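Asks: Here you go, one structure.
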Amino acid sequence: MIRSALSFYLLLYSGLVSAQLFQPPSYPSKEFRNPLDIPISLAANFGEIRLNHYHMGLDIRTEHRENLPVYAAADGYIFRIKIEPFGFGQAIYIRHTNGFVSVYAHLNSFYPALASYIKQKQYELERWDISMELSPDLLIVKKGDLIAFSGNMGGISGAASAF
């Protein structure tokens, strides 16, 4: 009896100590904005179990509309562009000044300067599907900058954008 009570207290005490050693990370609460100018309604959530994988994003409903303006959620720079027939379709990856990364997927089109840059690269590479890593000083964005237009490119059913 004494031994089991002692074990229980040691277990309880070790839980209190580890809880103090390993604090959960704090996330910025005011740094990010909604990437769309409509209320957020999720079509799919991060970590949902699918038939053969976990869903790795937040799919935001676009009220069954396409070509809604998509805005940078926070300051940063576009560090990757990916265009593929399946998966994310057309996607922008932004590395933010706070270290977080946001991904904007299933886009119909990019903002004009980026679209022009991508078209030039596609002609140089002689292919439509591309995956490019960009330098930090090439495409800097500010919170609220127009970066793309929502769509349903890639592996998606219905109009929604994934972030």
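The values are calculated or read from the model by the stated rules, or taken from the named source; none is laboratory data. Just so we're clear, the structure is a prediction, and the values are computed from it rather than from any experiment. Heads up, the Cβs are rebuilt from the backbone with ideal geometry, glycines too, and the neighbour counts pull from every protein chain shown. To get the accessible areas, we keep the full protein, side chains included, count just its heavy atoms, and leave off ligands, DNA and RNA. Shrake-Rupley method; radii C 1.70, N 1.55, O 1.52, S 1.80 Å.
Asks: Out of region 44-90, which residues are aliphatic (A, V, I, L, M), closer than 15 Å to GLY154 by Cβ and either in contact with a Gly (Cβ under 7 Å, 6 or more places away or on another chain) or open to solvent by 50 Å² or more (accessible area, probe 1.4 Å) (or both)?
Replies: Correct list: MET56 only.
Asks: If you check TYR93 against the conditions, is it crowded, with 18+ Cβ neighbours inside 10 Å and aromatic (Phe, Trp, Tyr)? Working first, answer last.
Replies: Numbers: crowded, with 18+ Cβ neighbours inside 10 Å: yes; aromatic (Phe, Trp, Tyr): yes.
The answer is yes for TYR93.
Asks: Here's something else I'd like to know. Under 9 Å between Cβ atoms, which residue pairs at least 6 apart in sequence (or on different chains) link something in region 29-41 that is modelled with pLDDT of 90 or more and part of a loop (DSSP other than H, G, I, E, B) with a partner that is hydrophobic (A, V, I, L, M, F, W, C) and open to solvent by 40 Å² or more (accessible area, probe 1.4 Å)?
Replies: Between residues of region 29-41 that are modelled with pLDDT of 90 or more and part of a loop (DSSP other than H, G, I, E, B) and residues that are hydrophobic (A, V, I, L, M, F, W, C) and open to solvent by 40 Å² or more (accessible area, probe 1.4 Å), the close pairs are PHE32/PHE100; ASN34/ILE40; PRO35/PHE163; LEU36/PHE163.
Asks: Still on this structure: Would you mind listing the strands (runs of 3 or more DSSP E) fully within region 48-119 where at least 3 residues are at pLDDT 95 or above and within 12 Å of the chain's Cα centre (by Cα)?
Replies: On the way: elements: 59-61, 69-71, 76-83, 90-96, 101-104.
Result: 90-96.
Asks: Right, next: What pairs come up if the first residue lies in region 122-134 and is over 17 Å from PRO85 (Cα atoms), the second is at pLDDT 95 or above and open to solvent by 40 Å² or more (accessible area, probe 1.4 Å), and their beta carbons are under 6 Å apart, counting only those six or more places apart or on different chains?
Replies: These pairs meet every condition: GLU133/ARG80.
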